[in-house]
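Data first, discussion second: the structure below is written as structure tokens.
The values are calculated or read from the model by the stated rules, or taken from the named source; none is laboratory data. Since we're looking at a predicted model, the values are computed, not measured. Reconstructed Cβ throughout: ideal geometry from the backbone, glycine too, with neighbour counts over all protein chains shown.
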Amino acid sequence: MAKTGIKIVASNRKARHDFFIDDSLEVGISLKGTEVKSIREGRINLKESYASIDDGEVFINNMHISPYKQGNIQNVDPIRKRKLLLHKRQIRKLKQDTLTKNATLVPLKAYIKNGKIKIELATARGKKLYDKRRDIAKKDAERRMRQHSSEKYD
């Protein structure tokens, strides 16, 4: 009996602040047993993580999965390099995007879908400081407009 639905375990909100997101896709990830149990408990951190392409394979780096509390010798290094599961044509497209568009591969969120752990991987281009300031100003203006409109009707 398979579990249905999607449960978001971790999201990388800072990625949307630091990067322009071009394209995203759902990828699988190769994990050890205690890592899966730890992720199901929500003990995963995507901050400062990124993906790289090495010898035709995609790996995620700096993703922190806390060691499972009940695990003993089966626990592995929390920030080890983990392999992402993609088709060859997807890997070729990602490699082409990183070379031509000068893009970075950034994980946006980790979630459990139908009992399997998935990562949403995005090709992203870095924002300049003035782009970040413009986004903050736009969000601030929208927030003020919402507050002002709610004050009128109260």
Exercise for the section: Can you give me the number of residues within segment 31-76 that are over 17 Å from the mean Cα position of the chain (by Cα) and either assigned to a strand (DSSP E or B) or of a type in the set (Phe, Trp, Tyr) (or both)? Expected result: 3
Exercise for the section: For segment 133-152, indicate whether the set of residues that are under 18 Å from the mean Cα position of the chain (by Cα) and in contact (Cβ under 8 Å) with a residue 40 or more places away in the chain is non-empty. Expected result: no
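Under the condition of being of a type in the set (Asp, Glu) and either at pLDDT 90 or above or under 28 Å from LYS93 (Cβ atoms) (or both), which residue from segment 120-151 is surrounded by the most Cβ atoms within 10 Å (Cβ to Cβ)?
Only one residue tops the list, namely GLU120.
One line per residue, one yes/no per condition, for (1) surrounded by fewer than 16 Cβ atoms within 10 Å (Cβ to Cβ); (2) β-branched (Val, Ile, Thr); (3) in contact with a Lys or Arg (Cβ under 9 Å, 6 or more places away or on another chain):
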site	(1), (2), (3)
SER49	no, no, no
ASP55	yes, no, no
LEU84	no, no, no
THR98	no, yes, no
ALA103	no, no, yes
TYR111	no, no, yes
ILE117	no, yes, yes
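Here's the yes/no breakdown for (1) modelled with pLDDT under 90; (2) within 22 Å of THR123 (Cβ to Cβ); (3) not hydrophobic (A, V, I, L, M, F, W, C):
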{"position": "SER11", "(1), (2), (3)": "no, yes, yes"}
{"position": "ARG16", "(1), (2), (3)": "yes, yes, yes"}
{"position": "LEU25", "(1), (2), (3)": "no, yes, no"}
{"position": "GLY28", "(1), (2), (3)": "no, yes, yes"}
{"position": "LEU46", "(1), (2), (3)": "no, yes, no"}
{"position": "ASP54", "(1), (2), (3)": "no, yes, yes"}
{"position": "LYS69", "(1), (2), (3)": "yes, no, yes"}
{"position": "ILE73", "(1), (2), (3)": "yes, no, no"}
{"position": "ARG82", "(1), (2), (3)": "no, yes, yes"}
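In segment 115-132, how many are over 24 Å from THR100 (Cβ atoms) and without any contact (Cβ under 8 Å) to a residue 12 or more places away in the chain?
Filtering segment 115-132 for residues over 24 Å from THR100 (Cβ atoms) gives 115-118, 129-130, 132.
Going one step further and asking which of them are without any contact (Cβ under 8 Å) to a residue 12 or more places away in the chain, we end up with 129-130.
The total comes to 2.
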Problem - Residue list for segment 35-57, filter: closer than 20 Å to SER11 by Cβ and of a type in the set (A, V, I, L, M, F, W, C) - result: VAL36, ILE39, ILE44, LEU46, ALA51
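Kindly indicate which of ILE79, ILE112 is free of Cβ contacts under 8 Å to residues at least 40 places away in the same chain, out of contact with any Pro (no Cβ under 8 Å at 6 or more places or on another chain) and either closer than 14 Å to LEU31 by Cα or not in a strand (DSSP E or B) (or both). Can you show your working first?
On the way: ILE112 fails: free of Cβ contacts under 8 Å to residues at least 40 places away in the same chain.
Checking each option against the conditions leaves just ILE79.
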Practice task
Taking the residues in segment 91-109 that are touching an Asp or Glu at 6+ places or on another chain (Cβ under 8 Å) and assigned to a loop (DSSP other than H, G, I, E, B) as candidates, determine which candidate is nearest to ASN45 (Cα to Cα).
Solution key: ALA103
Practice task
List the number of the failed condition for ILE6; all other conditions in (1) at pLDDT below 90; (2) over 18 Å from the mean Cα position of the chain (by Cα) hold.
Solution key: (2)
